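I have placed the structure first, in the form of structure tokens, so that the comments after it can refer back to it.
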Number of protein chains: 2
Amino acid sequence: MSLRYALLAILRVGPLSGYDLQKQFHQSVGHVWHAPDSQIYPELRKMEQLGLIEGEEQTRGERGTRRMYHVTEAGDRAFVEWMDAPLDYQRVRDPAHLRAAYLEATTPDSARAFLQRHIAQWESELSQWEGELDRIDAVANPMLVRRLAVTADADRERTIAYKRFAYEGLVERAQAEIAWARRGLALVDRLDA
Amino acid sequence: MSLRYALLAILRVGPLSGYDLQKQFHQSVGHVWHAPDSQIYPELRKMEQLGLIEGEEQTRGERGTRRMYHVTEAGDRAFVEWMDAPLDYQRVRDPAHLRAAYLEATTPDSARAFLQRHIAQWESELSQWEGELDRIDAVANPMLVRRLAVTADADRERTIAYKRFAYEGLVERAQAEIAWARRGLALVDRLDA
DNA sequence: CACGTCATGTAACCTGTTACATGATTCC
DNA sequence: GGAATCATGTAACAGGTTACATGACGTG
């Protein structure tokens, strides 16, 4: 459900083709809400049917075409309504913590391998998000630049501050996962001794 | 996919009827991996077809029946294999952080409401998990008691320690989410001033 | 003329969500 | 006799995953 609003958030900045949108998506919101291309294109079609966005076919070269999308008034309204509505929180479903609860069922080495992979996984996410934080600070993220270009000066600080706030939360989450898994490694060692 | 192993984890302790399993589930693993009954019963049937568990129909009263399940050797093997295999991490998809990144699009009050709901949400999870931690320490969780009853003394410490470790991770996550949202409230106030 | 990248998907499948459905048994 | 709880699901749908598919354009 949120994919729709992630796409609207990007399109609200200005018209984009599906392809460009997808590119921008993977470089910005995609770090918070992943979606493959095979989901993005159909979703855009659905949003068009619902009147949230409008697409115009453009020619490109001899026979090529591409579809430029822009947000309609209804789409803009839908986005703001979503912002104001309560989120529906998904129930917890965390495979790593599930497995952690039963580590006594396997060997210490296997437990260690699991925890090391957990650390590697979150370190990889962490570096993505820290990179985004750096790009926010340097105002080097192309989406953010586009956004700031159409944002009144008075709102620029807010725009940047909330992006930063969001990524800070993700960075802290990753750091917490890593710290937890490291403690797990120490625990395995202690119990193995 | 993990639902299967969450169910196996419970059944490995000893045979249970679908109904009892479901009860135990909601009181234990369900805090880490939620699933509704409408998913549990069919999954048990599927697992039976795959030979991971076996069910026997028992009569109950005059006409009533219930199905007692126990783990097969293949099921036991499958569980350990899952423990040793790399987890497949889902891509990030976090509606709260997605929304946080665009809070400038709405009013300060709406932003505050969002953050306050976020805090309430995680405080509710937090109290669940802290409760579980207490029950682990008091050895008062019925599933844990059943498990310890069939666990060799040498493994009891490990069994308890890993449960604790898992729930500690969840508790820390909840605390981090709450702290983050509180900082968000402060940020809204600052930007609103 | 080959390769990268522009451009857009379809199809099958799995998992999970929501709402609904039904009857038996036990305990007060 | 009525309520709680035992006991087990089905059906429809939404959302996400994986694999595959296709062709045009631009550049060296």
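Remarks
- Filtering the stretch B:1-23 to residues that are outside any helix (DSSP H, G or I) and away from DNA strand C (no atom under 11 Å from the Cβ) leaves B:Arg12, B:Val13, B:Gly14, B:Pro15, B:Leu16, B:Ser17.
- Residues of the stretch A:111-118 include at least one that is more than 7 Å from chain B (Cβ to nearest Cβ), of a type in the set (S, T, N, Q) and open to solvent by 30 Å² or more (accessible area, probe 1.4 Å).
- Qualifying positions in the stretch A:30-77 - at pLDDT below 95 and closer than 30 Å to A:Leu126 by Cβ: none
- Among (1) part of a helix (DSSP H, G or I); (2) away from chain B (no Cβ under 12 Å); (3) more than 30 Å from B:Pro108 (Cα to Cα); (4) within 12 Å of DNA strand D (Cβ to nearest atom) - the single one A:Arg45 does not satisfy: (4)
- For the stretch B:28-37, the count of residues that are away from DNA strand C (no atom under 15 Å from the Cβ), out of contact with any Lys or Arg (no Cβ under 6 Å at 6 or more places or on another chain), of a type outside the set (Lys, Arg) and not assigned by TED's automatic domain parsing to the domain that holds B:Arg117 is at least one.
- Filter result for A:Arg12 (within 14 Å of chain B (Cβ to nearest Cβ) and either open to solvent by less than 40 Å² (accessible area, probe 1.4 Å) or more than 13 Å from A:Pro142 (Cβ to Cβ) (or both)): yes
- Selected residue [within 15 Å of DNA strand C (Cβ to nearest atom) and open to solvent by 20 Å² or more (accessible area, probe 1.4 Å)] from B:Glu56, B:Glu62, B:Glu73: B:Glu62
- Pair list, Cβ < 6 Å and 6+ apart or interchain, from the stretch A:24-44 residues that are more than 22 Å from A:Leu144 (Cα to Cα) to residues that are within 11 Å of DNA strand C (Cβ to nearest atom) and part of a helix (DSSP H, G or I): A:Tyr41/A:Gly18
- A:Thr151 being at pLDDT below 95 and polar (S, T, N, Q): yes
- Restricting the stretch A:26-38 to residues that are more than 11 Å from chain B (Cβ to nearest Cβ) and within 11 Å of DNA strand D (Cβ to nearest atom), the residue that is surrounded by the most Cβ atoms within 10 Å (Cβ to Cβ): A:Asp37
- The stretch A:80-107, subset surrounded by 16 or more Cβ atoms within 10 Å (Cβ to Cβ), assigned to a loop (DSSP other than H, G, I, E, B) and among the aliphatic types (A, V, I, L, M), residue nearest to the other protein chains (Cβ to nearest Cβ): A:Ala101
The values are calculated or read from the model by the stated rules, or taken from the named source; none is laboratory data. Source: prediction; values computed, not measured. Ideal geometry is used to build each Cβ from the backbone, glycine not excepted, and the neighbour counts take in all protein chains shown. To get the accessible areas, we keep the full protein, side chains included, count just its heavy atoms, and leave off ligands, DNA and RNA. Shrake-Rupley method; radii C 1.70, N 1.55, O 1.52, S 1.80 Å.
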